[in-house]
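**Q** My questions will all concern the structure given below.
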Amino acid sequence: RLKKQQGYQYAVTPQLPLHAPSFFLLPHLHNWTSSSTIMEVYKAIWDFSGTDSDQLSFRKGDLITLLGKDSSGWWLGEIRRRDGKLDDGLFPENYTELYSNTKMDYTKSSGSIGTSHGDVKSQGSAEVLILDAKDGALNSKKMRKHKQMPVARTVFRVWAHTMAKYGGAASLIVFGLLAMHFGAAEKAEGAGIIDVALGVLAVGAGSLMLLYESVFEGEPILDMFPLRAMLWIFLAAICFVSFPLWTAGLYLIVAALADAIGFLKAEQYIPPKKRRKTQKDKEIAEEDSQLSYSEKLWSWIVHKHEENKLQRLIFCVIYFVLNVILFVYTAIIWTEIVNMQNADDRLSGWAPIAKAFGALIDLNSSLLLIPVCRTIIRFMYNKATADESCSARSLRVFFAFIPLDKAILLHKQLAKISLFAVIGHTIAHFINYNLRPDQTLALFGIWPFYSGVMLLVFCLLIYSGAVEEVKHPTFEIFWYSHHIFFFYFAITITHGAGGFNPNFWKFFIIPGVLYVIERILRVLRGRRHVSVHNVLTMEPNLLAFEMDKKSAFGEAGFREGQYVFVNCPSVKPYEWHPFTISSPPQKDTFSLHIQTQGSGSWTEGVKDYLTSMGPKNRTFFKLQHRNNQGKLVPGKTIGPNGLQILLIDGPHSAPTQHMTEYEIAMIAGAGIGLTPVIACAESIVYHRWKFGIGKVFPSHAYFSWVVSHRDVEAYRWFIVKVIECQAAVINMRKKSDIMKDKTFKFDIYVTSVPKNVTKKYADEALELEHEQDFWGRGSTDVKVVQEKANVGKRQLYTYMLHPTEKVKEFDDITVTVGRPQWNGPFNDVATKHPSTDVGVMFCGNRYIGKDLKKMCARYSSVERKQFFRLHKENF
């Protein structure tokens, strides 16, 4: 849809996505249609820190040249920094006010822009170029670069791309080959020519589609018309001519529908940036190339042992052997059944293979439910990490072999095995049908074919919605598509001769009963009347609220770094989103710190709903209700619309729980992954060290936080808590000799620091320091702290915004400019604590997780009897 405003056209777009994307989904900015219009410049009246690379970060007073408007409130603008670099992206309209406007001339044929003058105006920490014809900053290439905005809540074109790449293209190739085989097996002369021809066409089209989707990553062929979707529908129509290609045709129709919806929402897919190989990766690869095969094998086994994965490798081998035994056993049974049939009624030799793959589907798809029984896993996990008792140690041995503590990873691996079995089952059954069609229909009937096609379509929707490219930026698609599994299991039970699968229920009954119990427990937990005590909002994008622990979790409470699923019935009654608890478990309340994702997102909706219950223009307020005696008491459960304010499902197991197993713990977080870091820090400092008697786990705590320079302002509350922990440690050291045997160290890594950043930038960031709750709310445990740290919150915050040295130490806090070089911290810990296992807990960017994994392997040693054991966050 196009609307006119101030002489030019722009695309009317939907609201922002639910989660900040790792790639960009942007609508079209169409060509200029009038000969002249107004170039507007806006002045920032608030600071804004973008939550992803699409958004334009700026400071109060910066000038932004407008490139495009949108009714959602997110506009496209451009800033010229002091170093001359042009930054462009999305900015919220309500953070700015009109500063000036200039009449501009646009030449459509050349794509250049003309104006009566061209000069540079500077304000604050950035400069804005008033464009002239020579500058050409808004030429056609520039407009093509910014013909997009991350504006859709659910991104259907990304989903369509994954369905086309992994489903449509692959199915055309596989079923095309089956169609060729089907046509060649036709006994009547000339009867199979069409099937063979269409099979060849399908293989060719599938190969081209796979090539296109892999190279261009779903880039639309035409911006103004959903040509790709129309081509898929046309190809699907051709597929329905040949019976073996029906499934491929359905796949293409589903993908085309998703792409068409994405077109109507003006979405466009741009691939994520791929990480380049570091010098360290090249060195490791060069070292491996110099080893013989036997040395590589032995080195691999040793590394698996040092990474604490040897036991799980043994489990994987055993499970693989069990699958092979089941496959061979089923194939032998059905081979005997086929051999006992009459020659005229006998199936082909492919039937036993299809049945063997079917047995693997029954086993692995049933076991898929076990890793998502979060309540059972949490119970076992809590027992394993509670203490050093015999039962706890036994459960740790169990988890060392069976990776239920890596539930999501286990779930994914089982899903991959199931998918492999589904492909094998489908191919073998088709070949069997091609060879013995009448005998196959006489034995099984037609229903298994119809139900099988439905199951394949369900698999397409479930698997395509679960890939990282879809799940990370568009959690809604993942959430809703994954719940198709209810229909998948229902159809699987009927997938057999006579509408009943005689074997599936044998594998399904135990996992199915456990999962039903799990769902019942989730519903019961979700109905608890959870009391919300206070709400805090901080510019630019923080929402925090504190809730009553007992009403949410009962007497059981929670552990350090565990996470919960949150539901807000007044915003989206069917959506549950995971967030890590950011407070220590010893308190009577628990808090969640959430980074809101912008207008239209679920997080922004929750923020608006909660702030509507407090005084206007207050960033912090407490909620109260009247009890039976009419007295005001802390906390509120029911909102103004009569619905519960928030529902909580949890807590659920998290890697930081392993902290209590180790005397030495390294706890790292990146970005918003800092929430379990501060929860562990406060638990250790305020409770474990303060009230612990004898040996405390952990006694040596090394914390690391990696944060981008542009995001520092969003984490002022975290800086306050770090300073408070430091002050508490200093206070305990002066009062007790026990602290001599303990280590507290906090490393902060500030990345992407601009080369030309000035002290003025940091001073401007503190302009609003006088406002209430600029620093957030400190910990309630700091009342006992008498000594102060040598560094204050203002000093640390200012230095992180304007670092003057590569490395700066403040007591036990070290600020480093640049990405972390993990060799230093790992070497220090290995040297100071020899022959002692070290627990490494991490939540955040997966690439940092991979680096930590390599470091754990590098510094673990069988000879030194020291192992660095990594525990990563999994949602």
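The values are calculated or read from the model by the stated rules, or taken from the named source; none is laboratory data. Just so we're clear, the structure is a prediction, and the values are computed from it rather than from any experiment. Positions of Cβ are generated from backbone atoms using ideal geometry, with glycine treated the same way; all protein chains shown enter the neighbour counts. Side chains included, ligands, DNA and RNA excluded: accessible areas come from the protein's heavy atoms. Shrake-Rupley method; radii C 1.70, N 1.55, O 1.52, S 1.80 Å.
**Q** Go through the stretch 350-405 and report how many residues are modelled with pLDDT of 80 or more, basic (K, R) and either open to solvent by less than 10 Å² (accessible area, probe 1.4 Å) or out of contact with any strand residue (DSSP E or B) (no Cβ under 9 Å at 6 or more places or on another chain) (or both).
**A** Count: 1.
**Q** What number of residues within the stretch 855-875 satisfy the criterion of being assigned to a loop (DSSP other than H, G, I, E, B), out of contact with any Cys (no Cβ under 7 Å at 6 or more places or on another chain) and not polar (S, T, N, Q)?
**A** In the first step, residues of the stretch 855-875 are kept if they are assigned to a loop (DSSP other than H, G, I, E, B); the result is 860, 862-865, 867, 873-875.
Remaining after also requiring out of contact with any Cys (no Cβ under 7 Å at 6 or more places or on another chain): 860, 862-865, 867, 874-875.
This time we only want the ones that are not polar (S, T, N, Q), so: 862-865, 867, 875.
Summing the residues that are assigned to a loop (DSSP other than H, G, I, E, B), out of contact with any Cys (no Cβ under 7 Å at 6 or more places or on another chain) and not polar (S, T, N, Q) in the stretch 855-875 gives 6.
**Q** Given the criterion within 30 Å of K572 (Cα to Cα), open to solvent by less than 10 Å² (accessible area, probe 1.4 Å), modelled with pLDDT of 85 or more and not in a helix (DSSP H, G or I), identify the matching residue among G650, G669. First the steps, then the outcome.
**A** Values: G650 fails: modelled with pLDDT of 85 or more.
From the options G650, G669, the qualifying one is G669.
**Q** Scan the stretch 741-754 for residues that are within 20 Å of I667 (Cβ to Cβ), open to solvent by 30 Å² or more (accessible area, probe 1.4 Å), of a type outside the set (K, R) and not in a helix (DSSP H, G or I) and jot them down.
**A** Across the stretch 741-754, the qualifying residue is only T743.
**Q** Next question, about the same structure. For residues that are assigned to a loop (DSSP other than H, G, I, E, B) and under 30 Å from Q413 (Cβ atoms), tally how many sit in the stretch 335-393.
**A** Initial filter on the stretch 335-393 (assigned to a loop (DSSP other than H, G, I, E, B)): 341-349, 368-369, 373, 385-389.
After this cut, where a residue has to be under 30 Å from Q413 (Cβ atoms) as well, the list is 368-369, 373, 385-386.
So the answer is 5.
**Q** For R733, which of the numbered conditions (1) within 29 Å of E663 (Cα to Cα); (2) part of a helix (DSSP H, G or I); (3) modelled with pLDDT under 85; (4) open to solvent by 30 Å² or more (accessible area, probe 1.4 Å) fails to hold?
**A** Status for R733: all satisfied but (3).
**Q** Follow-up. When only residues in the stretch 520-568 that are of a type in the set (S, T, N, Q) and surrounded by 18 or more Cβ atoms within 10 Å (Cβ to Cβ) count, which is farthest from F590 (Cα to Cα)?
**A** Taking the candidates together, the pick is N541.
**Q** Determine whether the stretch 62-79 contains at least one residue that is under 27 Å from K759 (Cβ atoms) and either open to solvent by 10 Å² or more (accessible area, probe 1.4 Å) or at pLDDT below 80 (or both).
**A** no
**Q** If you don't mind, another one. Looking at I738, I723, I678, can you tell me which residue is among the β-branched types (V, I, T) and either out of contact with any Lys or Arg (no Cβ under 8 Å at 6 or more places or on another chain) or surrounded by fewer than 20 Cβ atoms within 10 Å (Cβ to Cβ) (or both)? Reasoning before the result, please.
**A** Numbers: I723 fails: either out of contact with any Lys or Arg (no Cβ under 8 Å at 6 or more places or on another chain) or surrounded by fewer than 20 Cβ atoms within 10 Å (Cβ to Cβ) (or both); I678 fails: either out of contact with any Lys or Arg (no Cβ under 8 Å at 6 or more places or on another chain) or surrounded by fewer than 20 Cβ atoms within 10 Å (Cβ to Cβ) (or both).
Every option except I738 fails the conditions.
**Q** Quick check: anything in the stretch 27-47 under 26 Å from the mean Cα position of the chain (by Cα), at pLDDT below 60 and closer than 20 Å to K265 by Cα?
**A** yes
**Q** Looking at F225 and the list (1) modelled with pLDDT of 85 or more; (2) surrounded by fewer than 23 Cβ atoms within 10 Å (Cβ to Cβ), which single condition is not satisfied?
**A** (1)
**Q** Shifting gears a bit: Just checking, which of F590, F579, F558 is in contact with a helix residue (DSSP H, G or I) (Cβ under 6 Å, 6 or more places away or on another chain) and of a type in the set (F, W, Y)? Full working, then the answer.
**A** Working: F579 fails: in contact with a helix residue (DSSP H, G or I) (Cβ under 6 Å, 6 or more places away or on another chain); F558 fails: in contact with a helix residue (DSSP H, G or I) (Cβ under 6 Å, 6 or more places away or on another chain).
F590 is the lone residue from the list that is in contact with a helix residue (DSSP H, G or I) (Cβ under 6 Å, 6 or more places away or on another chain) and of a type in the set (F, W, Y).
**Q** Here is a further query. Which residue, of W479, W505, is among the aromatic types (F, W, Y), touching a residue at least 60 places away in the same chain (Cβ under 8 Å), open to solvent by 30 Å² or more (accessible area, probe 1.4 Å) and in contact with a helix residue (DSSP H, G or I) (Cβ under 9 Å, 6 or more places away or on another chain)? Step through it out loud before you land on a result.
**A** On the way: W505 fails: touching a residue at least 60 places away in the same chain (Cβ under 8 Å).
On inspection, the qualifying residue turns out to be W479.
**Q** OK, next. Criterion first (at pLDDT 85 or above, surrounded by fewer than 18 Cβ atoms within 10 Å (Cβ to Cβ) and within 20 Å of the chain's Cα centre (by Cα)) does P578 satisfy it? Let's see the steps before the verdict.
**A** Values: at pLDDT 85 or above: yes; surrounded by fewer than 18 Cβ atoms within 10 Å (Cβ to Cβ): yes; within 20 Å of the chain's Cα centre (by Cα): yes.
In short, yes.
**Q** Quick one: L852 ticks every box in (1) open to solvent by 30 Å² or more (accessible area, probe 1.4 Å); (2) under 16 Å from F703 (Cβ atoms); (3) among the aliphatic types (A, V, I, L, M) bar one, so which box is it?
**A** It fails just one condition, (1).
**Q** Being within 30 Å of D763 (Cα to Cα), in contact (Cβ under 8 Å) with a residue 40 or more places away in the chain and in contact with a helix residue (DSSP H, G or I) (Cβ under 8 Å, 6 or more places away or on another chain): is that true of V840 here?
**A** The answer is no for V840.
**Q** Got at least one residue in the stretch 692-706 being assigned to a helix (DSSP H, G or I) and surrounded by fewer than 24 Cβ atoms within 10 Å (Cβ to Cβ)?
**A** no
**Q** Quick one: is T492 crowded, with 20+ Cβ neighbours inside 10 Å and at pLDDT 90 or above?
**A** For T492, the condition - crowded, with 20+ Cβ neighbours inside 10 Å and at pLDDT 90 or above - is met.
**Q** List every residue pair whose Cβ atoms sit under 9 Å apart, with the two residues 6 or more apart in sequence or on different chains, where the first one lies in the stretch 243-262 and is over 16 Å from G206 (Cβ atoms) and open to solvent by less than 10 Å² (accessible area, probe 1.4 Å) and the second, anywhere, is among the charged types (D, E, K, R) and at pLDDT below 90.
**A** Cβ pairs passing all conditions: A258/R157; D259/R157; D259/R228; G262/R157.
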